[in-house]
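**Q** Following this message is one structure expressed as structure tokens.
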Amino acid sequence: MLTGLNVQPGGCFIDGTLGGGGHTQALLSHSHPNGRVLGLDADPAAIRRVRERFAKEINAGRLILAHATFDQTARVAKQHGFATVDGILLDLGLSSFQLDTPARGFAFQHDGPLDMRFDPTVGRGAAELINRKSWAEIADILYRYGEERHSRAIARAIVANRPVTTTGELANIVRKAKLDCAPARRGRGGGRGRQKIHPATRTFQALRIAVNDELGQLERALPQMLALLRGGGRLAMIAFHSLEDRLIKGWMRDRSRGFLPDPSLPAGGREQVPTLSICNKKPIAPAAIEIEKNPRSRSARLRIAEKCKSISL
Ligand SMILES: C[S@@+](CC[C@H](N)C(=O)[O-])C[C@H]1O[C@@H](n2cnc3c(N)ncnc32)[C@H](O)[C@@H]1O
């Protein structure tokens, strides 16, 4: 990430997903002594912890924190006087801190209230979503955002067991619904090793994406981030599932071409001046040693692109 963002002393960066501040720490130390970072997170608990961790850098004016979703980046950057920046980072999804806190309701391994909001102070949690929506709407969420093959059977089981209020209840409902769908696989480890992930993984991912409007957030944020970059500035995006990675890949690819396909236009698209150049054709995946040290990194995919130098703001 540091190489990809080309972090230099005195550089100015935006970390759209502060989390525990690991990446921000690296940005601050590699942009030492006078580099600056604007850090955003939707989670007020993340902001509180990062505020304590980086009290010195905040006092020195090198780190500015904002409790905001990253689709607010343009507004927040303007508010804090970040007109253009050298690099922007998004490390998508949820933090280990959130996953390991049962009260946040992200994990099927611990029982807790079924919430899953990055910002528990706004909107509605996952329990409200699955207890209010119709069977068809739940099935659609599980299929679209979890790519869950058994979306209909799981949605039916959820509706039959409502109200569902805890992560443990939901995990059990999903597990049973899946066993009913594929009883032949029982006791065989799922056959061909396919069932290595917990049966509720895709359902939990889908609900989290829906609750936090994760794909909408990303779609709204990307153009703002491109506008904030100086010519030659870099974007580094880490995705943890294929829906996000596909969105980033397609968005970067469309902006790196001289012709933008659009079937609604008579010529099948239009010519355009490319605004981005893609730095790595294939996404960067963690090395085996990193996965060994940090198994949660295993599905991470990093994509980097540079804003074309000729693009004026
Ligand atoms: C994978 S963690 C980031 C970890 C961080 N890079 C670090 O080094 O510790 C993702 C963080 O992004 C936050 N987040 C997710 N979606 C967000 C959004 N749309 N806007 C702002 N923050 C978001 C989550 O609350 C979480 O703290």
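Read the figures in this text as sums done on the coordinates, not as results from a lab. As the structure is a computational prediction, the values presented were derived from the model and not from experiment. Methodologically, a virtual Cβ is constructed for each residue, glycine included, from the backbone with ideal geometry; neighbour enumeration extends over all protein chains shown.
**Q** Quickly rank 26-36, 119-129 as a protection proxy: mean count of other C-beta atoms within 10 Å, highest first.
**A** Details: 26-36: 17.9, 119-129: 15.9.
Those peptides, ordered most packed to least, come out 26-36, 119-129.
**Q** I want to verify a result. In a Gaussian network model of the chain, Cα cutoff 10 Å, which of these has the top mean-square fluctuation: Ala227, Ala200, Ala287?
**A** It is Ala287.
**Q** Also, quick follow-up: With r as the distance between the Cβ atoms of Arg156 and Glu128 and R0 = 25 Å, compute the FRET efficiency 1/(1 + (r/R0)^6) and round to 0.05. Let's see the in-between values first.
**A** Values: r = 19 Å, r/R0 = 0.78.
My answer for the efficiency is 0.80.
**Q** Treat each spin label as a single point 7 Å out from the Cα along the C-beta direction, and report the Lys293 to Leu265 distance in nm.
**A** Here the answer is 4.6 nm between the modelled labels.
**Q** For the chain, compute the number of Lys pairs whose alpha carbons are separated by less than 30 Å, excluding pairs fewer than 8 positions apart on the same chain.
**A** Eligible lysine pairs with Cα atoms under 30 Å apart amount to 25.
**Q** Expressed as an acute angle from 0 to 90° and rounded to the nearest 10, what is the orientation of the C-alpha long axis of helix 201-211 relative to the principal long axis of the chain?
**A** 60 degrees
**Q** Of the beta bridges DSSP finds with both residues in the chain, what % are antiparallel, to the nearest 5? If you can, show how the numbers build up before the last one.
**A** On the way: 14 of 32 bridges.
Of those bridges, close to 45 percent are antiparallel.
**Q** Taking the Cβ of Phe97 as the center, what net charge do the other residues with Cβ under 9 Å away carry, scoring Lys and Arg +1 and Asp and Glu -1?
**A** Working: positive: Arg49, Arg104; negative: Asp43, Asp100.
Residues close to Phe97 contribute a combined charge of 0.
**Q** Expressed in nm to one decimal, what extension gain is obtained for the pair Thr84 and Ser310 from 0.36 nm per residue of sequence separation less their Cα-Cα distance?
**A** Gain on extension, Thr84 to Ser310, equals 79.9 nm.
**Q** Expressed as an acute angle from 0 to 90° and rounded to the nearest 10, what is the orientation of the C-alpha long axis of helix 242-255 relative to the principal long axis of the chain?
**A** Computed tilt is about 30 degrees.
**Q** Calculate how steeply helix 151-160 sits against the longest principal axis of the alpha-carbon atoms of the chain, using the helix alpha-carbon long axis, and give the answer as 0 to 90 degrees to the nearest 10.
**A** Tilt of helix 151-160: around 60 degrees.
**Q** Hey, in the GNM for the chain with a 10 angstrom Cα cutoff, which one of Gly93, Gly168, Gly268 fluctuates hardest?
**A** Largest GNM mean-square fluctuation: Gly268.
**Q** Between Gly39, Gly16, Gly232, find the one with the highest GNM mean-square fluctuation for the chain; connect C-alpha pairs within less than 10 Å.
**A** Gly232
**Q** Right, something else. Quick one: Glu148, Glu52, Glu57, Glu219, fewest Cβ neighbours within 10 Å first, how do they rank? Please list the in-between numbers first.
**A** Numbers: Glu148 24, Glu52 9, Glu57 20, Glu219 13.
Sorted ascending by nearby Cβ count, the order is Glu52, Glu219, Glu57, Glu148.
**Q** Next up: Test of understanding: ordering Cys308, Cys279 by Cβ neighbours within 10 Å, fewest first, what list do you get?
**A** On the way: Cys308 15, Cys279 18.
Least crowded to most crowded, the residues run Cys308, Cys279.
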